[in-house]
Amino acid sequence: MRKIATLALGFFCTTAAADEIWISNEKDDTVSVIDIETLEVIKTYDTGERPRGITFSKDYSVLYICASDSDAVQVMDPETGKILHDLPSGEDPEQFVLHPNDRHLYIANEDDAITTVVDTQSRQVIAQIDVGIEPEGMAVSPDGKIAITTSETTNMAHWIDTESQELFANTLVDSRPRHAEFVKDGTELWVSSEIGGTITVFDVETQTEKAKISFEVEGVHPDRVQPVGFELSDGDKTAFVALGPSNHVAAVDAETYEVEDYILVGRRVWHMDFNSDKSLLFTTNGVSGDVTVIDVAAREPIKTIKVGRFPWGAAFRPTD
Amino acid sequence: MNRIFRIVLAVLALPMSALAEVAIPVTYLQLQVARPPVLSNLDPIPDDLGVAGAALGLADNLTTAKFLGHAYSLTVETVPEDGDFTAAARKVLAESPFLILDAPAAAQLAVADLPEAQGAVLFNASAPDIALRQDHCRANLLHTLPSDLMRGDALVQFLVRRRWDDLVLVAGDHPGDRAFADALRTSVAKFRLSLQGEKTWVFDADMRRNAAQEVPLFTQEFGDYDVLLVADALDDFGRYIAYNTWQPRPVAGTEGLQPVTWSPVIEQWGAVQMQNRFADHAGRGMLPRDYAAWAGMRALGEAVTRTNSDDPAVLRSYLLSAEFELAGFKGRAMNFRPWNGQLRQPIPLVTDRAVVAMAPIEGFLHERTELDTLGVDQAESLCTAFTE
């Protein structure tokens, strides 16, 4: 037994470590680390309570974790899995986004209708901004000038001026907005609405709606087609949209806003991330407790990887 | 924690902002109804039942309102049981056309028929009576509480799914008990299960001491069956049935597995956040009548947000349109049936400890929306007020 273990260890030492996808498991209080080479879970680390949003610092030296029920953002050393320290986060941090300055975390405090801005270096809260009820989706423009919070019950995207840390616009979207992303060099803002079943596309310059994307999965009632997380591939040409309990990911032409494909994944698909060349997409499937690996070019699922209970967030980490 | 509470108080205390272009004053009009005595003192009915839900709905609306320059207020008017409910309604309708009604069906109808109420937007947040959605429907009365039949259908769909086909029923003799028993009979017939036996609960002994002796004998005559249904809307005797039946069979209805509008055990579909907000400000769990009042307030708020109007005619028309959608933390968008003003909604099937299933149960299909497999469908509708 011991001999085999030693051999295995030797094997891994001689191979360059593969890139990884990190997954937060909301109901297990852990993160799972998937080796992108072998598509297997290679490590599981304990976190605070109810980990949801996860993101790496720009140099991937630390992992930030929204430990929602611990009311903290935890900072983990991805080499060892040790929690280095906690950041103040406001109550119930659900999702966050790291400013391009690699310093300021914009955190949605779901139970408090607040967006908290934390300086990761001084470990101080530098601003708290009143937003709508149940803030969740978070995004920052590539130039760092605008931060977005979407609020689930107020049904709005709140536009924050990162200079003054104040709201400068509030725009309505369909019911239960969940996720926001700046697209096409920050000229467009996309917001998914879970209950509304749409993605609203805003022109960033004018903060006005320029398009709305709808979804229709064959054999699934429209009520169950609930867009949540999404990511864009290859020069923002294609958007991949998790459609929650419809158990499908949609591939959307980001130019025409037409849906091109629906890809079957695990149950209640939630968030996702790509590998380094965006040839593989990893989706978290909350109800089935696994991660689906999608071949992006073929638009087909190629593997299912069991992780912890209620996988929520996904974050890519290169190891070279 | 105290945040919502403070907002509510602040808004109640201040006169409505004169600057707001769109102002929505809502009255929660309540008729106090004495509850007949029940066997157990456990689970008292909270004094703020319903009101607390409306207050949470107000807080939710206000958060959106602050970004849009809209204004809402909530006034609670309580009429004692022997008071003049329609006179009170006349008075509040003179000030605002937006009412959430917490009263028995007859009192709600009297209000809806007032000349002052024509063109008003009234929400029924308390009466499950099927007639209010059928031949007694009124064009100005929308229903955020599901009907007894919606709840009955939800339960029976689950029984069909599990193939628990043979049923027996124990019903109390209170009007609410009889109404729910009627709904269960209709649902059982609709989904073609069989009701093999029925008994009326007429004991006047103190069941806290006697259940173990009485209930086995009482249920022995039923012979074999799959599930014992209980219709005890008053929450009087139902709690003494489970584990005391002659046959070892599950109990469902108002006891055991219950089809409900809402329950504190619901935690999926983003519900945890709403449960927390409610518990923070009410100091207790959220109950069905709280949910119905919340939904009335939020439905109105959603219509105001999307139309930017405080004109009741504009709001009513939007509420009944296909564009309207309310995110009700039950897994799918909810809207109103345009033929009778009933809010379409999923019905959770719960125990005291967990959600067992969510109706409509998978496999019950409908040409329009699966939600219309619950309650009175358009083809069966006797309501004409909405098409006239």
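Considering the range A:121-139 alone, what residues qualify as being away from chain B (no Cβ under 14 Å), on the phi < 0 side of the Ramachandran plot and open to solvent by 20 Å² or more (accessible area, probe 1.4 Å)?
To start, the set of residues in the range A:121-139 that are away from chain B (no Cβ under 14 Å) comprises A:121-127, A:138-139.
From what is left, the residues that are on the phi < 0 side of the Ramachandran plot are A:121-122, A:124-127, A:138-139.
Of everything in the range A:121-139, those that are away from chain B (no Cβ under 14 Å), on the phi < 0 side of the Ramachandran plot and open to solvent by 20 Å² or more (accessible area, probe 1.4 Å) turn out to be A:Q121, A:S122, A:Q124, A:V125, A:I126.
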So which residues in the range B:301-318 are part of a helix (DSSP H, G or I) and over 16 Å from B:A139 (Cα atoms)? B:G301, B:E302, B:A303, B:V304, B:T305, B:R306, B:T307
Among B:Y243, B:Y225, the single one that is in a loop (DSSP other than H, G, I, E, B), more than 14 Å from chain A (Cβ to nearest Cβ) and free of Cβ contacts under 8 Å to residues at least 12 places away in the same chain is B:Y243
Regarding the range A:303-313, can at least one residue be identified that is under 19 Å from the mean Cα position of the chain (by Cα), small (G, A, S) and part of a strand (DSSP E or B)? yes
How do the pairs read when you match residues in the range B:334-352 that are free of Cβ contacts under 8 Å to residues at least 24 places away in the same chain with residues anywhere that are not small (G, A, S), using Cβ under 8 Å and keeping only pairs 6 or more apart or on different chains? B:N335/B:F324; B:N335/B:E325; B:N335/B:L326; B:N335/B:L343; B:N335/B:R344
Anything in the range A:93-120 that is of a type outside the set (V, I, T), open to solvent by less than 10 Å² (accessible area, probe 1.4 Å) and within 14 Å of chain B (Cβ to nearest Cβ)? List them, or say none. A:P93, A:E94, A:A108, A:N109, A:E110
Looking only at residues that are open to solvent by less than 10 Å² (accessible area, probe 1.4 Å), closer than 14 Å to A:D130 by Cβ and not aromatic (F, W, Y) in the range A:154-203, which one is farthest from the other protein chains (Cβ to nearest Cβ)? A:I160
Would you say A:V259 is modelled with pLDDT of 95 or more and touching a Pro at 6+ places or on another chain (Cβ under 7 Å)? no
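So that you can scan it fast, the table gives a plain yes or no per residue for (1) in the same structural domain as B:T305 (by TED's automatic domain parsing); (2) polar (S, T, N, Q); (3) modelled with pLDDT of 90 or more:
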residue: B:V11; (1), (2), (3): yes, no, no
residue: B:L29; (1), (2), (3): yes, no, yes
residue: B:A34; (1), (2), (3): yes, no, no
residue: B:D43; (1), (2), (3): yes, no, no
residue: B:L58; (1), (2), (3): yes, no, yes
residue: B:T75; (1), (2), (3): yes, yes, yes
Please go through the range B:345-388 and pick out each residue that is open to solvent by less than 70 Å² (accessible area, probe 1.4 Å), over 28 Å from B:R239 (Cβ atoms) and β-branched (V, I, T). B:T369, B:T373, B:V376
Helices (runs of 4 or more DSSP H) completely within the range B:81-189 that count 1 or more residues being in contact with a Leu (Cβ under 8 Å, 6 or more places away or on another chain), charged (D, E, K, R) and surrounded by fewer than 24 Cβ atoms within 10 Å (Cβ to Cβ): B:85-95
Just a yes or no: is a residue in the range A:67-81 within 14 Å of chain B (Cβ to nearest Cβ), open to solvent by 20 Å² or more (accessible area, probe 1.4 Å) and in contact with a Lys or Arg (Cβ under 6 Å, 6 or more places away or on another chain)? yes
Odd one out for A:D143, checked against (1) away from every other protein chain (no Cβ under 12 Å); (2) in a strand (DSSP E or B); (3) within 20 Å of the chain's Cα centre (by Cα): (2)
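Filter the range A:212-257 down to the residues that are within 14 Å of chain B (Cβ to nearest Cβ), part of a strand (DSSP E or B) and small (G, A, S) and list them by number.
A:S214, A:G244
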Does B:L234 qualify as being assigned to a loop (DSSP other than H, G, I, E, B) and either closer than 26 Å to B:R133 by Cβ or at pLDDT below 95 (or both)? yes
Identify, by number, the condition in (1) open to solvent by less than 30 Å² (accessible area, probe 1.4 Å); (2) more than 14 Å from A:S192 (Cα to Cα); (3) part of a strand (DSSP E or B) that A:Y262 doesn't meet. (1)
Farther than 24 Å from B:N308 by Cβ, open to solvent by 20 Å² or more (accessible area, probe 1.4 Å) and touching an Asp or Glu at 6+ places or on another chain (Cβ under 9 Å) - does that describe any residue in the range A:206-221? yes
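Can A:V293 be described as of a type in the set (V, I, T), more than 17 Å from A:E40 (Cα to Cα) and modelled with pLDDT of 95 or more?
In short, no.
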Condition broken by B:R332, with the remaining ones in (1) more than 19 Å from B:N61 (Cβ to Cβ); (2) out of contact with any strand residue (DSSP E or B) (no Cβ under 9 Å at 6 or more places or on another chain); (3) open to solvent by 30 Å² or more (accessible area, probe 1.4 Å); (4) of a type outside the set (V, I, T) satisfied: (3)
Counted residues, the range B:267-320 - those being out of contact with any helix residue (DSSP H, G or I) (no Cβ under 9 Å at 6 or more places or on another chain) and within 23 Å of A:E194 (Cα to Cα): 9
Quick one: in the range B:138-176, of everything that is touching a Ser or Thr at 6+ places or on another chain (Cβ under 8 Å), in contact (Cβ under 8 Å) with a residue 60 or more places away in the chain and not aliphatic (A, V, I, L, M), which residue is nearest to B:A299 (Cα to Cα)? B:P146
Please verify whether B:N41 is open to solvent by 10 Å² or more (accessible area, probe 1.4 Å) and closer than 30 Å to B:R239 by Cβ, treating the condition exactly as stated. yes
For the structure I just gave you, tell me whether B:Q342 is open to solvent by less than 50 Å² (accessible area, probe 1.4 Å) and away from chain A (no Cβ under 11 Å). yes
Specify which of the listed residues (B:T75, B:T86, B:T64) is among the hydroxyl-bearing types (S, T, Y), more than 14 Å from every other protein chain (Cβ to nearest Cβ) and under 22 Å from B:D311 (Cα atoms). B:T75
Which one is least open to solvent (accessible area, probe 1.4 Å) among residues in the range B:273-284 that are part of a helix (DSSP H, G or I) and more than 9 Å from chain A (Cβ to nearest Cβ)? B:F278
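The values are calculated or read from the model by the stated rules, or taken from the named source; none is laboratory data. Just so we're clear, the structure is a prediction, and the values are computed from it rather than from any experiment. Virtual Cβ from ideal backbone geometry, glycine too; neighbours counted across all protein chains shown. The protein model used for the area step is the full one, side chains on, heavy atoms only, and it has no ligands, DNA or RNA in it. Shrake-Rupley method; radii C 1.70, N 1.55, O 1.52, S 1.80 Å.
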